[in-house]
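Chemist: Just dropping this structure here.
The values are calculated or read from the model by the stated rules, or taken from the named source; none is laboratory data. Small disclaimer: the values here were computed from a predicted structure and weren't measured. Glycine gets a Cβ as well: all are built from the backbone with ideal geometry, and neighbour counts include every protein chain shown. Surface accessibility is based on the protein's heavy atoms, side chains included, excluding ligands, DNA and RNA. Shrake-Rupley method; radii C 1.70, N 1.55, O 1.52, S 1.80 Å.
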Amino acid sequence: MDIILNIVSWAFIIGGGIFCLIGGLGLVRLPDMFARMHGASLIDTMGIGLILIGLMFQAGLTLITGKLLLILVFVFFTSPTSTYALARAAINGGLVAEVEDDDGSSKQEAGPSKT
Amino acid sequence: MLHAISLAVILSGIWWVLSGLTLVLILGLGAGSILFIIWICHRMDAIDHETHPIHLAIGSLTYFPWLAWEIVLANMDVAIAILKNGSSVRPRLMHIKASQVSEVGLVTYANSITLTPGTVTLDVEGQDFLIHSLTEGSYDGLLTGEMDQKVTALELDKGYPMITQQPVMKDSSEDAPPKPERET
Amino acid sequence: MMFIAGATAVLVTMAMALFRSLKGPSVYDRILAINSFGTLTVVLISIHGFMTGRPEFLDLALVYALINFIGTIAVTKFVTYDHMGHPTYDNDPGDI
């Protein structure tokens, strides 16, 4: 039983670590700020989620699991809020998003329509 | 009243998780602080259907697991797009129309979109969302409108204040581009 | 052992976020990177608590998550408006 729990825990923590790394790679590699937000959101959802779930398997059914769950729920509720605030600030600050046309090839700079 | 009870239950849960002691003194202090906080919230008029959307409680039981699965799928999509060194990264901006009527529903929908990697809500004007999407998959996934329907089904209770013209007005005045210094 | 593996992955990701926050062309890139950095710190504190067998560290992680959120909002607001709020008077609710 212990071995099974350990294996599951290993799988979750390694998976979360891999998603963290991919998210960090996205943070470094993606072309512009609005695209990098998706990389950060990768870390905020799968990365932290899988690692904390893996830790929950280590903790078993104790109050520690409750605390981990509290952290997880809190991060899941606040990360979209801060992302939205940041996006609003970036738009108001005059940052333009780099988008692709419908035909696919031509890249153009298009500011989100200001209202 | 139901909202106050829900607040009390949540606060007791947090107190129990953070302390975990069963001493009479500690539990008494906990009960005291919970009552005090409920009194303060009542005084601030902060206990209502917006801070405690308990009318969404039953619907969330099916919605949040579905959202979690959707997040996992979107994560795979975005992770592959990042690993492919940008060949499948195709950023797009689009406007979509939300079909929710209450503010809680709109917030739930906008936050669900942001929480799903690959799509970020940049702007909310009433029921009109401006979305930035990263890949073809996330773009198509949002256009099917499945999430929209689920959130609309979630806010079944129509007895609460509908969205009217007013929030749009409030929105544009509140979120106007950098305000000039106000004279004091 | 598994904690060390997880902590290594998190640390490498933190280095990437730090790189972006140093290089980022706009200030919003830096805020985004630091927000991710804070989220990763929460995970790192949790893992460290398990690694040393002291789950009390989870309380610190929780508090760090709170401060991270408030800090991001505050910095974003400061960058946008150049101040943190006006003094209020009479019936003016101030800006939020």
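Chemist: Hey, among A:Leu30, A:Leu55, A:Leu50, which residue is in contact with a Lys or Arg (Cβ under 8 Å, 6 or more places away or on another chain) and buried (at least 20 other Cβ atoms within 10 Å of the Cβ)?
Modeler: Details: A:Leu55 fails: in contact with a Lys or Arg (Cβ under 8 Å, 6 or more places away or on another chain); A:Leu50 fails: in contact with a Lys or Arg (Cβ under 8 Å, 6 or more places away or on another chain).
Sole residue among the options that is in contact with a Lys or Arg (Cβ under 8 Å, 6 or more places away or on another chain) and buried (at least 20 other Cβ atoms within 10 Å of the Cβ): A:Leu30.
Chemist: Pull up the stretch C:12-29, narrow it to residues that are more than 7 Å from chain A (Cβ to nearest Cβ) and buried (at least 18 other Cβ atoms within 10 Å of the Cβ), then point me to the one that is nearest to C:Thr72 (Cα to Cα). Walk me through it before giving the result.
Modeler: Taking the stretch C:12-29 first, the residues more than 7 Å from chain A (Cβ to nearest Cβ) are C:14-15, C:18, C:21-25, C:27.
Next cut, buried (at least 18 other Cβ atoms within 10 Å of the Cβ) only: C:14, C:21, C:24.
Values: C:Met14: 17, C:Ser21: 14, C:Gly24: 16 Å.
Among them, the one singled out is C:Ser21.
Chemist: Kindly indicate which of B:Ser88, B:Ser102 is among the polar types (S, T, N, Q) and either at pLDDT 85 or above or more than 30 Å from A:Gly23 (Cα to Cα) (or both).
Modeler: Details: B:Ser88 fails: either at pLDDT 85 or above or more than 30 Å from A:Gly23 (Cα to Cα) (or both).
From the options B:Ser88, B:Ser102, the qualifying one is B:Ser102.
Chemist: Okay, next question. Checking B:Ile82 against (1) open to solvent by 50 Å² or more (accessible area, probe 1.4 Å); (2) in a helix (DSSP H, G or I); (3) among the β-branched types (Val, Ile, Thr), which single condition isn't satisfied?
Modeler: (1)
Chemist: Being among the small types (Gly, Ala, Ser), over 17 Å from the mean Cα position of the chain (by Cα) and under 25 Å from B:Leu18 (Cα atoms) is the filter here; which residues of the stretch C:8-57 pass it? First the steps, then the outcome.
Modeler: Step one: filter the stretch C:8-57 for residues among the small types (Gly, Ala, Ser), giving C:9, C:15, C:17, C:21, C:24, C:26, C:33, C:36, C:38, C:46, C:49, C:53.
Subsequent filtering for residues that are over 17 Å from the mean Cα position of the chain (by Cα) retains C:9, C:26, C:49, C:53.
Listed by number, the residues that qualify are C:Gly49, C:Gly53.
So that you can scan it fast, the table gives a plain yes or no per residue for (1) within 13 Å of chain A (Cβ to nearest Cβ); (2) among the aliphatic types (A, V, I, L, M); (3) in contact with a His (Cβ under 9 Å, 6 or more places away or on another chain):
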residue: B:Leu18; (1), (2), (3): yes, yes, no
residue: B:Ile26; (1), (2), (3): no, yes, no
residue: B:Ile37; (1), (2), (3): no, yes, no
residue: B:Cys41; (1), (2), (3): no, no, no
residue: B:Leu61; (1), (2), (3): no, yes, no
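Chemist: Might you check whether a residue that is open to solvent by 70 Å² or more (accessible area, probe 1.4 Å), within 22 Å of A:Ile71 (Cβ to Cβ) and polar (S, T, N, Q) occurs anywhere in the stretch B:47-66?
Modeler: yes
Chemist: Restricting attention to the stretch C:65-87, which residues are within 17 Å of A:Gly66 (Cα to Cα) and of a type outside the set (Gly, Ala, Ser)?
Modeler: Just the residues of the stretch C:65-87 that are within 17 Å of A:Gly66 (Cα to Cα), to begin with: C:65-66.
Of everything in the stretch C:65-87, just one residue is within 17 Å of A:Gly66 (Cα to Cα) and of a type outside the set (Gly, Ala, Ser), namely C:Leu66.
Yes or no, residue by residue, for (1) over 23 Å from A:Thr81 (Cα atoms); (2) at pLDDT below 80; (3) assigned by TED's automatic domain parsing to the domain that holds B:Thr62:
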site	(1), (2), (3)
B:Gly126	no, no, yes
B:Gly137	yes, no, yes
B:Asp140	yes, no, yes
B:Asp148	no, no, yes
B:Glu155	no, yes, yes
B:Met162	no, yes, yes
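Chemist: Looking only at the stretch C:2-11, count every residue that is surrounded by fewer than 23 Cβ atoms within 10 Å (Cβ to Cβ) and facing chain A (nearest Cβ under 7 Å) and tell me the total.
Modeler: 2
Chemist: I would also like to ask the following. Residues that are closer than 19 Å to A:Phe74 by Cα and either out of contact with any strand residue (DSSP E or B) (no Cβ under 8 Å at 6 or more places or on another chain) or hydrophobic (A, V, I, L, M, F, W, C) (or both): does the stretch B:32-40 have at least one? If you could, list the steps in order and put the result at the bottom.
Modeler: As a first pass, look at the stretch B:32-40 and keep what is closer than 19 Å to A:Phe74 by Cα: none.
No, the conditions are met nowhere in the stretch B:32-40.
Chemist: In addition: Quick check on my filter: what residues within the stretch B:129-144 are outside any helix (DSSP H, G or I), touching a residue at least 40 places away in the same chain (Cβ under 8 Å) and not aliphatic (A, V, I, L, M)?
Modeler: Residues of the stretch B:129-144 that are outside any helix (DSSP H, G or I), as a first pass: B:129-135, B:144.
After this cut, where a residue has to be touching a residue at least 40 places away in the same chain (Cβ under 8 Å) as well, the list is B:132-135.
Within the stretch B:129-144, B:His132, B:Ser133, B:Thr135 qualify.
Chemist: On the given criteria, is A:Ile51 of a type outside the set (S, T, N, Q) and more than 9 Å from chain B (Cβ to nearest Cβ)? Break it down into steps so the answer makes sense when it comes.
Modeler: Numbers: of a type outside the set (S, T, N, Q): yes; more than 9 Å from chain B (Cβ to nearest Cβ): yes.
Considered against the rule, which asks whether it is of a type outside the set (S, T, N, Q) and more than 9 Å from chain B (Cβ to nearest Cβ), A:Ile51 comes out as yes.
Chemist: Answer yes or no as to whether B:Leu93 is touching a helix residue (DSSP H, G or I) at 6+ places or on another chain (Cβ under 9 Å), among the hydrophobic types (A, V, I, L, M, F, W, C), within 16 Å of A:Tyr84 (Cβ to Cβ) and at the interface with chain A (Cβ under 8 Å from one of its Cβ atoms). Break it down into steps so the answer makes sense when it comes.
Modeler: Working: touching a helix residue (DSSP H, G or I) at 6+ places or on another chain (Cβ under 9 Å): yes; among the hydrophobic types (A, V, I, L, M, F, W, C): yes; within 16 Å of A:Tyr84 (Cβ to Cβ): yes; at the interface with chain A (Cβ under 8 Å from one of its Cβ atoms): yes.
Answer is yes for this residue.
Chemist: Filter the stretch A:58-76 down to the residues that are at pLDDT below 90 and of a type in the set (Val, Ile, Thr), then identify the one that is most open to solvent (accessible area, probe 1.4 Å).
Modeler: Top of the filtered list is A:Thr62.
Chemist: Could you please tell me which pairs satisfy a Cβ distance under 8 Å, a separation of 6+ or placement on different chains, a first residue in the stretch B:31-45 that is touching a residue at least 40 places away in the same chain (Cβ under 8 Å), and a second residue that is assigned to a helix (DSSP H, G or I) and open to solvent by less than 100 Å² (accessible area, probe 1.4 Å)?
Modeler: Qualifying pairs under 8 Å: none.
Chemist: Would you check if A:Ala90 is facing chain C (nearest Cβ under 8 Å), crowded, with 24+ Cβ neighbours inside 10 Å and modelled with pLDDT under 90? Break it down into steps so the answer makes sense when it comes.
Modeler: Working: facing chain C (nearest Cβ under 8 Å): yes; crowded, with 24+ Cβ neighbours inside 10 Å: yes; modelled with pLDDT under 90: yes.
Yes; evaluated as a whole, the condition is true for this residue.
Chemist: Being more than 8 Å from every other protein chain (Cβ to nearest Cβ) and touching a residue at least 12 places away in the same chain (Cβ under 8 Å) is the filter here; which residues of the stretch C:30-49 pass it? Show your work before the answer.
Modeler: Initial filter on the stretch C:30-49 (more than 8 Å from every other protein chain (Cβ to nearest Cβ)): C:30, C:34, C:37-38, C:41, C:44-45, C:48-49.
Across the stretch C:30-49, the qualifying residues are C:Ile34, C:Phe37, C:Gly38, C:Thr41, C:Leu44, C:Ile45, C:His48, C:Gly49.
Chemist: Here's a follow-up. I need the full set of residues from the stretch B:10-30 which are among the polar types (S, T, N, Q) and open to solvent by 90 Å² or more (accessible area, probe 1.4 Å), in order please. Give the derivation first.
Modeler: Here is the first cut: in the stretch B:10-30, the residues among the polar types (S, T, N, Q) are B:12, B:19, B:22.
Scanning the stretch B:10-30 gives a single hit, B:Thr22.
Chemist: Further, regarding this structure: Quick one: how many residues across the stretch B:111-128 are crowded, with 22+ Cβ neighbours inside 10 Å and either outside any strand (DSSP E or B) or more than 9 Å from chain A (Cβ to nearest Cβ) (or both)?
Modeler: 7
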